[in-house]
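Shown next, in structure tokens, is the structure this report addresses.
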Amino acid sequence: MKMIDSHAHLYYDSYRDLPEVLERAEEAGVTQIICIGTDLQSSEKCIELAEKHPQLFATVGIHPHEAKMAPVQYLNFLENFLHHPKVVALGEIGLDYHYNHSSPDIQKRVFREQLELANSVEIPVVIHSRKSDDDLLYCIRKSNSKNGVVHCFSSGVETAKQLIEIGFYISFTGIVTFGNNETEEVIRAIDINSIMIETDSPYLSPIPFRGKRNEPAFVKYVAEKIAELKDISVEEVANLTTINTQKLFTQLTN
Ligand SMILES: [Zn+2]
Ligand SMILES: [Zn+2]
């Protein structure tokens, strides 16, 4: 069984044992891992990790939490990073109105600027969205963006369907094992061809590791839960989500 962890933050100090973490991922069948940047510094770290490990790929971007800290020239820095052969997407970018670490106005500006940059260089986006459905759809539609994934999906069926209609994928984390009815309803309602799986390591460990540090090997618990909800085999979930992820992030198969 082969899987891709489409979203992990492996640059934290808590991964001092990264070689062992990557070994366990390989043993679990995780063949590729996308390391996700949240500001310029972590984006650079993702690229360094991807240069060192063939199974790792990188994204670069400014997370909504960090939007107010983005330096004036941040778009130039990101554009330079995007030329790297192991950078597969711009992200994570988006809106988070649950925490509002940056004001909604700043979040929207930085989100839209990055959507436009991604469009101009024709690279997909990895989107983070929390309690921001209306503005999320508005910004995506305004930018004419059609190529991306909304990760750690936490909205309802209607938003999922609208995103899929635009051309986006929907990605799920270990939260699916927590027994949240709305998320389960979304998974049942949408086509498997629009689904991706991820850990969002080191956060959101699935049951039976809830509360502990997460790692890419645990993505199989996400696949198992989706298999149960869709009443198909876990091999099928692994296989189809791998195909979906490689369709979106085309560098994975180059
Ligand atoms: Zn996120
Ligand atoms: Zn993340």
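Below is a table of values for the structure above.
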quantity: Residue match in segment 215-232 (condition: within 16 Å of ligand 2 (Cβ to nearest atom), of a type in the set (Ser, Thr, Tyr) and without any contact (Cβ under 8 Å) to a residue 60 or more places away in the chain); calculated: no
quantity: Residue ID - surrounded by the fewest Cβ atoms within 10 Å (Cβ to Cβ), chosen from residues in segment 122-144 that are free of Cβ contacts under 8 Å to residues at least 40 places away in the same chain and over 14 Å from Ile166 (Cβ atoms); calculated: Glu122
quantity: Criterion: within 16 Å of ligand 1 (Cβ to nearest atom), surrounded by fewer than 18 Cβ atoms within 10 Å (Cβ to Cβ) and not aliphatic (A, V, I, L, M) - qualifying residue of Asn147, Asn100, Asn119; calculated: Asn100
quantity: Segment 182-229: number of residues that are part of a helix (DSSP H, G or I) and closer than 16 Å to Leu10 by Cβ; calculated: 4
quantity: Segment 233-252 residues that are without any contact (Cβ under 8 Å) to a residue 40 or more places away in the chain, paired with ones that are of a type in the set (Phe, Trp, Tyr) (beta carbon under 6 Å, 6 or more apart); calculated: none
quantity: Pick from segment 150-178, criterion part of a helix (DSSP H, G or I) and out of contact with any helix residue (DSSP H, G or I) (no Cβ under 7 Å at 6 or more places or on another chain), ranking: surrounded by the most Cβ atoms within 10 Å (Cβ to Cβ); calculated: Leu163
quantity: Per-region count, segment 117-160, residues within 15 Å of ligand 2 (Cβ to nearest atom) and over 18 Å from the mean Cα position of the chain (by Cα); calculated: 0
quantity: Of residues in segment 6-31 being touching a helix residue (DSSP H, G or I) at 6+ places or on another chain (Cβ under 6 Å) and within 22 Å of Glu235 (Cα to Cα), the one surrounded by the fewest Cβ atoms within 10 Å (Cβ to Cβ); calculated: Arg24
quantity: Residue list for segment 4-49, filter: among the charged types (D, E, K, R) and more than 16 Å from ligand 1 (Cβ to nearest atom); calculated: Asp13, Arg16, Asp17, Glu20, Glu23, Arg24, Glu26, Glu27, Glu44, Lys45, Glu48
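Taken together, the values in this text are just the output of simple stated rules run on the coordinates, not laboratory data. Here the structure is a predicted model, which means the values were calculated and not measured. So basically every Cβ, Gly included, is an ideal-geometry build from the backbone, and we count neighbours across all protein chains shown.
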